[in-house]
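Down below is the structure, laid out as structure tokens.
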Amino acid sequence: MSASVSRPALRAHQLGRLWWLPARGRGNGLDDTAWTQIADVRADHVGPLLEAFRLRRVPAYAATSPRPGLRHSHRASADPTCRIWVGASAYGRAEEALLVILPSLRGGRRDAGC
């Protein structure tokens, strides 16, 4: 099996965050050596999610989503969508946090961006 993108995994820690993540996003100040997508959310949910992840020591990053279709999608079709990535080392904590945080965000403001 071959990958479409060659990524020298042995040197991932030297390459930095943007090797994994798209430019022009924002993070919660915590970093990891590997990142994974976890959810597509409305733009106004990004700030509260990044802060909640930070408080739970989960590295997180958000940027405009190029397409829908992730397993954990929480959005209405007309809403701007942001993709959330979390540090791979904290993925389990991130899933647990989403189960708690997302229900409390329903019906929030609709004026923030990714």
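All of the numbers you see were taken from the coordinates with simple rules; none came from a lab. Remember, predicted model here, so these are calculated numbers, not experimental data. Counting neighbours? That spans all protein chains shown, and the Cβs are built from the backbone with ideal geometry, glycine included.
Values for this structure:
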| quantity | calculated |
| --- | --- |
| Burial ordering of Ile38, Ile84, Ile101, fewest other beta-carbon atoms within 10 Å first | Ile101, Ile38, Ile84 |
| Least to most buried among Thr33, Thr81, Thr64 (fewest other Cβ within 10 Å first) | Thr64, Thr33, Thr81 |
